[in-house]
1. Restricting the search to the range 196-248, which residues are among the aliphatic types (A, V, I, L, M) and touching an Asp or Glu at 6+ places or on another chain (Cβ under 8 Å)?
2. Which one of these is farther than 14 Å from residue 193 by Cβ and free of Cβ contacts under 8 Å to residues at least 40 places away in the same chain: 4, 34, 20, 45?
3. Would you mention how many residues in the range 155-176 are among the aliphatic types (A, V, I, L, M) and closer than 14 Å to residue 222 by Cβ?
4. Please state which one of 212, 228, 255 is in a helix (DSSP H, G or I) and not β-branched (Val, Ile, Thr).
5. Would you check which residues across the range 231-252 are under 13 Å from residue 199 (Cα atoms) and outside any helix (DSSP H, G or I) and list them?
6. Tell me the residue from 193, 205 that is of a type in the set (A, V, I, L, M) and either within 30 Å of residue 84 (Cβ to Cβ) or not assigned by TED's automatic domain parsing to the domain that holds residue 253 (or both), please.
7. In the range 13-45, how many residues are within 15 Å of residue 57 (Cβ to Cβ) and in a loop (DSSP other than H, G, I, E, B)?
Amino acid sequence: MFVLYDNFASVAAQKVRLTLAEKGMQWQSVEINLRNGEVMRPDYLELNPRGVVPTLVHDGQVITESNVIIEYLEEWAPQPALRPEGALARARMRGWMRRMDDDIHRATGNISMAIYIRHAHLKKSQAERDAYFAAMPDAERAVRQQAAIALGLDAPAFAPSLRAFSVLVDEIDRAVAKQDWLCGDGFSLADIAAAPYILRLDMLAMDTLWSRGRRPAMARWWARVQARSCWSRVMHDAFPSAVREQMRQRGEEARARVADALGLK
């Protein structure tokens, strides 16, 4: 039995859901509300001391960190294979996975908070916000998020995070210029690791990074990702329609600032 402590909007949890679905595996999803601090509950912190999702429990054993989880699933159920053949291709796959963790995950949080999530926090009282961030195990993350709530698109981390994504989509465009997927001819954990982050850009109306003839290979890769048979069910449709509409609206409101920061026309 696989039990996934999940959140529909978590980019890290989306990697795990997509891997499970690609492998045709069954799992029980336990939805964790990120906005009200459920990840900071003592019982959840016993499972995941970092206070984040996802957490996978398999036959009573706890596995955390999304990239660790998806490699665990590949080891546990090696077919259909989501690792490419050969040492070099597998090294490149892990390089993409590391790239998402080291740079892009934080940038996604910064952009998402500044454009969209901050509005939910601003509806809370100051005392409620203070209590929420006081309970957060990662103090540095708490400081960044509070700055994004207070300053929105003027938060110090916003423009650098946009530039990090601009570099990423350039890298994807180059990687798939002569092959279908990031590590060759087969869909792999590298594509799974990257896809949720591009979905977040798309949902926040930042698809101008690869539309209108800009980065055409990247655009073709993204179309192939979205054409995967399980994509709509476990990724796009997991978001309530009202949430999708709100995210797009907030992204459209920020579009001019994004374009200006990245020199887009």
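1. Across the range 196-248, the qualifying residues are 201, 205, 217, 218, 225.
2. The conditions single out 34.
3. Residues meeting the conditions: 5.
4. Numbers: 212 fails: in a helix (DSSP H, G or I); 228 fails: in a helix (DSSP H, G or I).
Testing whether each residue is in a helix (DSSP H, G or I) and not β-branched (Val, Ile, Thr) leaves just 255.
5. Hits for the range 231-252 are 235, 239.
6. Just one listed residue meets the conditions, 193.
7. Qualifying residue count, the range 13-45: 4.
Let's see how each residue does on (1) over 21 Å from residue 226 (Cβ atoms); (2) within 14 Å of the chain's Cα centre (by Cα); (3) surrounded by fewer than 18 Cβ atoms within 10 Å (Cβ to Cβ):
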{"position": "11", "(1), (2), (3)": "no, yes, no"}
{"position": "16", "(1), (2), (3)": "no, yes, no"}
{"position": "24", "(1), (2), (3)": "no, no, yes"}
{"position": "31", "(1), (2), (3)": "yes, no, yes"}
{"position": "50", "(1), (2), (3)": "yes, no, yes"}
{"position": "61", "(1), (2), (3)": "yes, no, yes"}
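The values are calculated or read from the model by the stated rules, or taken from the named source; none is laboratory data. Because the structure is a prediction, the values reported are computed rather than measured. So basically every Cβ, Gly included, is an ideal-geometry build from the backbone, and we count neighbours across all protein chains shown.
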